[in-house]
Structures are given as C-alpha cells and as structure tokens.
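Heads up: the structure comes next, in structure tokens.
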2 protein chains.
Amino acid sequence: MKRMYTGKTKDVYELENGDYLLKFKDDVTGENGVFDPGANTVGLVMEGAGRAGLRLTRFFFEKLNAANIPTHYIDADIEKATMTVAPASVFGKGLEVICRYRAVGSFLRRYGLYAQEGQPLDAFVEVTLKDDARQDPPISKSALEMLHILSAEEYADLEKLTKQISQVVKDELSKKGIELYDIKLEFGRLKKDGQVVLIDEISGGNMRAYKDGVYIEPLELEKLMLAGE
Amino acid sequence: MKRMYTGKTKDVYELENGDYLLKFKDDVTGENGVFDPGANTVGLVMEGAGRAGLRLTRFFFEKLNAANIPTHYIDADIEKATMTVAPASVFGKGLEVICRYRAVGSFLRRYGLYAQEGQPLDAFVEVTLKDDARQDPPISKSALEMLHILSAEEYADLEKLTKQISQVVKDELSKKGIELYDIKLEFGRLKKDGQVVLIDEISGGNMRAYKDGVYIEPLELEKLMLAGE
C-alpha cells in the first residue's frame, strides 16, 4: 500500500487492486484552536474527529449512491477510520465547489457591499482554487475553461451535481431540525472513464450547519445526525 | 452646476441641461509614489496628468463613436480639463470590467498557480466590484445576476462591448508599435433609455501598455499615442 498524498485532514494510499484508501485523521482545520471549515491551516486536534467525520461521510455517500448520484465511494471501515474509493484525479491542482443557502463566510467577506449577513441565497454555486499561498481565490467558469482546468461540459456536470448533492445534505439535516448555510464539495474525474464524480468527504468540517440560530460544531453535528441511525 | 461625486482622479458635476461634466484631476492612482492602474489609492500627483488623460480619452472615444460603439461621450474641453457626457448610472455601486491580453497584475496574483507571467490571454473579460474596503473583489456573471447588480442581457452587452472597445484600443496602440496587456473599463446605463454604454475615461491610467517589453507610464503613453495627431 503506497502513500499517494498527505492532506491536512486525511492521507491517501493506493491499494494493490488500484483502488484508493482514505485515512481520516483527527486534525481539524481552523485557526488558533477555533474550528473554521474555510481555513487553510490545521488549527486543532479533536479526539475522535476522524472517525466522526467518516461516519457522517459514509451516511451521506450511501444516501447519494441510493439516489444514483455518482461518487467515488466504495466502502468504509469506521474502526480503522478508512474509506475505500474508486481512483479519481482532481481538476487542475484541486478545486473547492461551494453551494450557498445563506450569505456567510467568504461570500460575505467579498460581497458584503451587496449582501446582508445571513441573507438567503438560492443554492448559489461558486468555485475556488485550492491554493493556500493565494488564499483559495474564487474563479469563474470562463477562467476555469480558459486555463484548461476543466471543460464547459465538465463545469455543467459539476454545477448540476453540486446542487443535487447539497440538496440531499440539506434535506437530511432538515429532518433533524438543522439548517444548512453552506457546504464545500470536491469533485474529480474517475480514472476508468473520466466521469465527473463527488470525491473526498462530506462531514461537519465541510459545512456550516445551524440549529435554532446556533452554529453546530462538526463533532456535535455528527452526534445529532447519527443519533438513532 | 452641482457637484455629484468626488472621485480619486476626477469629479463629476451636473449641468443645467441635465448632462454631466467630468473634471479631470492631476491625481494618479498608485502606492508610495509609484503609478499602479490597479491601485485604490491616489499615490501621486503628476502635473498635466488630467489634461493628458482627457486628450487620450477624447482620442479613443471619438474612435469608438466613429465605430458606432455606444459611449456616454459628448465633447471635451482640453484647456479646462473637462468632458461633457450623457447622464448615466453605474451598475450597483460601480463595476470595473477588465479585458486581458496577457497574464499580469491581479489576474496573476489570483491564478499564478495556473498561469505564467506575461502568458497571452485571448481577450479574457472579468468583472470586479468597486469596493476599496474589500480590495475590489472579482465577481462572476452568476453572482452579479443573483445580487441584482445587472441582468443576464446587460452582462452579455457589457462583455461584447468590452471586447469590441478593447480591440479598438489595442489596434490603435499597435499602430504605434505598442502592445496592450490589459485594460480596465467602466459601463453604465444611459438615463434616457437604459442602454449599456461605456462611461468614465480611457487613458493611460486605465491600461497596461508595453513597447519593446518595457512598460509605458500614462503620461508617456499619451505623448506616444498623440504625437502627430
């Protein structure tokens, strides 16, 4: 088993059969000990965060598979904090695709002249480049195409999948009385046929979720979502 | 004559007949005494910069009018450093529309992971919000529409006009052996019928121009462009 990549919150290995294995770590993004899903630095270590993230990821990926939404997910081993996935490659050096239902975070920092904090947004999709040195800059569809990061067809797939996936997550949260403000997804091309699929994970660290107006930390979200599952 | 607006490089007045009068100032954007067309601060005062900017603006606006490209231009008085224009209102609180032929400036600062400095770009159009406090953030077509800053039809007009206008400027510079790297334009809606037209100015302060690989300062550009006119 060969280590392919060491990430901020997980490591990636290649298995003998060509599939990839994701190993979830207990590191959480944030700054100065405060969790922030938009941060580029590992700000704290939360005991059990890896397994909690994986449990929630498995929960959502199984919902998505049941809904015939393409993902890289194969299976998960909670005890070992690992997930087996179909091999896929990222677009360029990696993109983050954000779906927004309320104006908070970087959207508000950029467009605060025109948007009120918490203002409803209609599943607004935007893309940022994964580039720590340049603070993950936002990038338009036309710039993505011009820089050959993805094609117009791939962008259309990515936008459509983002809205479908985010709606599934939003609906699941809603069943527990939790409101999804925004969510950050990653996509890739399947190695076998180039199909655009959801990759990485879907856990508390990928989203901002609120209950009765109060922000819910990732570990708490996992408990609320999986109680009774 | 009523002062409507005090800008960094010009002031705007309303005339008795409803037209607007732009008064060009000798202030130039930049930082620490160095000219930078992308800067938000007035970095230096250049004697004669206002009149030079106006002469070049008149030159380009008259070319555009001759080519039937809609602008707010009516006429100019070089001695008084004033330009009379048809009244128009900006989109939202003002946009800057950039057309890029080479990767430099803020494009490179954002997308340097994917672009080489000076790499040719095919008249790539992007929009930024005029918002000093938020460092003029880039904004996509979909975000502009969602925030009701402009409509899809207006965006299409603005993009088409940007490419047409930039090509006219590029061609004029090219006749003098000068290469246009990028240019920053402003658009508005004509008060009388809402038509999308070019507003503000087109001078050295709006563009990056190079001759034999050497950057040309705004005042020098005006001299080179208007020699013999």
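The value for the range A:2-87 of Rg(Cα) / (2.2 N^0.38 Å) is 1.14. In the range B:114-137, burial by the other protein chains removes 20 Å² or more of 1.4 Å probe accessible surface, compared with the chain on its own, from B:Y114, B:F124, B:L129, B:D131, B:R134, B:P137.
Computed over the range B:69-124, relative contact order equals 26 percent, with contacts defined as Cα pairs under 8 Å that lie 6+ residues apart.
Here the calculated FRET efficiency for B:N32 and A:Q119, from their Cβ-Cβ distance with R0 = 41 Å, stands at 0.60, rounded to the nearest 0.05. A Förster radius of 60 Å, combined with the Cβ-Cβ distance separating B:K223 from A:E229, puts the computed FRET efficiency at roughly 0.20. With Cα atoms as the point set, the protein assembly as shown shows a radius of gyration and Dmax of 25.7, 83 Å. In nanometres and ascending order, the distances from the A:A123 label point to those of the other copies are 3.5 (point 7 Å from Cα along Cα→Cβ). Under the criterion of Cα pairs below 8 Å and six or more residues apart, the relative contact order for the range A:97-229 equals 21 percent.
Computed over chain A, relative contact order equals 19 percent, with contacts defined as Cα pairs under 8 Å that lie 6+ residues apart. Note on the range B:97-152: Kirkwood hydrodynamic radius from all Cα pairs is 12.3 Å, rounded to one decimal. Rounded to the nearest 500, the helix-only mean residue ellipticity at 222 nm of chain A stands at -9000 deg cm²/dmol, with each DSSP H run of n ≥ 4 adding -39,500 (n - 2.57). Taking both sides together, the accessible area buried where A meets B is about 2300 Å² for a 1.4 Å probe.
Of the trypsin sites (Lys or Arg not before Pro) in the range A:24-90, the ones in a loop by DSSP (not H, G, I, E or B) with at most 16 other beta carbons within 10 Å are A:K80.
Rounded to the nearest percent, how much of the accessible area of the range A:89-226 (1.4 Å probe, protein heavy atoms only) is carbon and sulfur? With neighbouring chains kept in place, the figure for the range A:89-226 is 47 percent. For B:M146, the solvent-accessible surface computed with a 1.4 Å probe is close to 50 Å², ligands and nucleic acids excluded. In angstrom, the C-alpha Rg and Dmax of the range B:89-226 are 15.3, 45. The rotation axis taking chain A to chain B passes closest to the C-beta of one chain A residue; that residue and the distance in whole Å read A:S140, 2.
Accessible surface for the protein assembly as shown, divided over its residues, is 45 Å² per residue with a 1.4 Å probe. What's the long-distance tail for the range A:14-144, i.e. % of Cα pairs beyond 19 Å? In whole percent, the share of Cα-Cα pairs in the range A:14-144 beyond 19 Å is 64. When the residues A:D200, B:D122, A:D77 are ordered by accessible surface, computed with a 1.4 Å probe over the protein chains alone, the sequence from largest down reads B:D122, A:D77, A:D200.
The values are calculated or read from the model by the stated rules, or taken from the named source; none is laboratory data. A quick note: this is a predicted structure, and the numbers were derived from the prediction, not measured. Note that each Cβ is placed from the backbone with ideal geometry, even for glycine, and that neighbours are counted across all protein chains shown. For accessibility, only protein heavy atoms count, side chains too; no ligands or nucleic acids. Shrake-Rupley method; radii C 1.70, N 1.55, O 1.52, S 1.80 Å.
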